[in-house]
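Beneath this line is the structure, given in structure tokens, with notes to follow.
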Amino acid sequence: MLDMKRRDFITLLGGAASWPLAARAQQSERVRRIGVLILYSQTDREGQARIAAFLDTMRRLGWTDGGNVRIEYRWSAGDIGREKVFAAESVQLTPDAIVVSGWTGLAELKRLTSVIPIVFTQVSDPVGSGLVAGLARPSANISGFQNFEPAIGGKWLGVLKEAAPNMRRAAVLFGSDSIATVAMLHAAEAVAPALDVQVTAVDVSGSDDIERVIATFGTNRMAV
């Protein structure tokens, strides 16, 4: 009788020990959902290359789109209005996480949710723009990859000077509504005197402005 009770007790312990494992197994079988808000158009080769790299990494980590994870894409093609609309749609889907590229989409997602984990890419100055608290400890639900340091603006001007030693003037295109590009402009202005280059700051707001400005500067020979 004692041996039988001992066997029953061991069996009970074994069953109890297996409960958490069973629960984890059931949980792991749940199909996860990831929202992807990307600033390229769906036909853009660069955007497709980035998505391919993302999917390849996910597969190597054991996640397969259409298998144990479902990925919801939103292609904004760099349109600010669409980015805001798609950010709202992504949050409404209540995914397990959202991957976003670009400053505008990230800023809108930050405004809309403090709960859904967000991973960002291609954001130039997330700290300076107030999107995250710091690089080491970004914030509660946001983390990601900074595009490049604003100081690169000065490096770019230096590279141009090396390539064209006779350069005396250069136009720096920036957006006054973008903290990152303003910081890059200031970095270029800071090193300009040492390079003997006069920097002309040009505020642009869209692709049409960029084309017009480049054409005007080319005609006036204001930039090299």
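Values in this text are rule-based calculations from the coordinates and carry no lab data. Computed from a prediction, not measured in an experiment: that's the story for all the values here. Using ideal geometry, Cβ is built from the backbone for each residue, glycine included, and neighbour counts are taken over all protein chains shown.
Between the alpha-carbon centres of region 29-64 and region 89-124 there is a gap of 15 Å. Take every pair of alpha-carbon atoms less than 8 Å apart whose residues are at least six positions apart; their mean separation over the length of region 31-146 yields a relative contact order of 26 percent.
Spacing of the modelled spin labels on W156 and E72, each 7 Å from Cα toward Cβ, amounts to 3.5 nm.
In terms of its C-alpha gyration tensor, region 31-146 comes out rounded, because the ratio a/c of the largest to the smallest axis stays below 1.5.
Once the other residues with Cβ under 10 Å from the Cβ of A97 are scored (Lys, Arg +1; Asp, Glu -1), what is the net sum? With Lys, Arg at +1 and Asp, Glu at -1, the neighbours total +1.
Label-to-label distance, I214 versus R59, with points set 7 angstrom from Cα along the beta-carbon direction: 3.5 nm. Overall size of region 140-202 from C-alpha positions, given as principal axis extents largest first: 49, 21, 15 Å. Each label was represented as a point 7 Å from its Cα along the Cα-to-Cβ direction; for A136 and V85 these points are 4.3 nm apart.
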